[in-house]
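The structure under discussion appears below in the form of structure tokens.
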Amino acid sequence: MQGTEPAPEELLKIAVEVAREAAGIAYRMRAEGVSAVATKSTVTDVVTAADRAVERQAVAALRAARPTDAVLGEEYGDADGPGPGGGSGVRWILDPIDGTVNYLYGLPHYAVSLAAEVDGEVVAGVVRNAATGDEWTAVRGGGAYRAGRRLGGSVETDLGQALVATGFGYDPARRAHQAGVLHQLLPHVRDIRRFGVASIDLCLAAEGMVDGYYEKGLNLWDHAAGGLVAAEAGLRVGGLNGAGPGPELVIAAPPALFGPLHDHLARLDAAGGP
Ligand code: LIP
């Protein structure tokens, strides 16, 4: 297994096993009652004991499966320092509980998000809603699936008829800027949905349960796996002006909607502000 480049399907198999076990722990700890352990970037950016426990367990499982891979996790960062460590060329990108505020409040909408990156390119990903068991998977070039059904995204071509999901950061100044963008975008779309979990938002766009998604301020672990699911469902996933998806902005929409949505977001400086 080590030394030769692993097949994306092989990495997906490991990702799904690890994500299912991690989701089970998250779900059980939720049932036992959750308390915020600490705050991170702002007083509303909470981390729970479960975020940390799930990440430790998932990293240990990944280490057992592929000892020389690198792991980047939301709570403990780069286990092996910047970039692929251990010489395998593989790096796992993990959000142990995406949607921590939902998790804290008991909203059944939070996910384990795990992607495998080979030589800097995400080639496999899984997003598992730990509360409902909904699970989205993708392999680069191999399509995106949920419950054995291949996903194809929305067929909507008119932005004015589009249901768009988005999200807001933890910094009040950033939220004020995001609200300004939303205020001006709202008259140009059907409606907005704010579910609170970027990884699942991207998968709902892959399913066509929303027609598009955008958000500023995401970390790689928020969008790596969900972004592959969306791309493998035929959506365009990127930033502004040809940039890739990143902290400035992540936009995901079918090709027909990506341009109009992009242009509004550029005009409204959605990648700007604090
Ligand atoms: C969350 C994202 C969500 C965003 C929140 C937060 P977390 O990630 O999934 O889309 O709006 O501000 O970043 O903090 O729950 O891992």
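Where a number appears in this text, it was derived from the coordinates with a stated rule and is not lab data. Being a predicted model, the structure only gives us computed values, none of them experimental. When we count neighbours, we look across all protein chains shown, and the Cβ atoms used for this are built from the backbone with ideal geometry, even at glycine.
Before moving on, here are some points about what is shown:
- Shape summary of the chain, radius of gyration then Dmax from alpha carbon positions: 17.7, 54 Å.
- Normalised by the number of residues in the range 51-142, the average gap of Cα pairs under 8 Å and 6 or more apart makes the relative contact order 19 percent.
- When the chain is treated as a GNM with alpha-carbon contacts under 10 Å, the residue of TYR110, TYR76, TYR213 showing the greatest mean-square fluctuation is TYR76.
- Less than 5 angstrom separates the built amide H of GLY73 from those of ASP78, ALA79, LEU94, all sequence-distant by 5 or more or on a different chain.
- Residues LEU257, LEU114 arranged by fewest to most Cβ contacts within 10 Å: LEU257, LEU114
- Gain in span if fully extended, ALA31 to ASP45, counting 0.36 nm per residue against the direct Cα distance: 2.9 nm
- Residues in the range 97-117 reached by a label modelled at ALA179 [backbone nitrogen below 17 Å; 7 Å Cα→Cβ]: none
- Theoretical ellipticity at 222 nm over the chain - DSSP helices of four or more residues, -39500 (n - 2.57) apiece, nearest 500: -11500 deg cm²/dmol
- Exposure proxy shown here: for GLU207, GLU215, the number of other Cβ atoms within 10 Å sets the order, fewest to most, as GLU207, GLU215.
- Max mean-square fluctuation residue, GNM over the chain, Cα-Cα springs under 10 Å, options VAL37, VAL54, VAL229: VAL37
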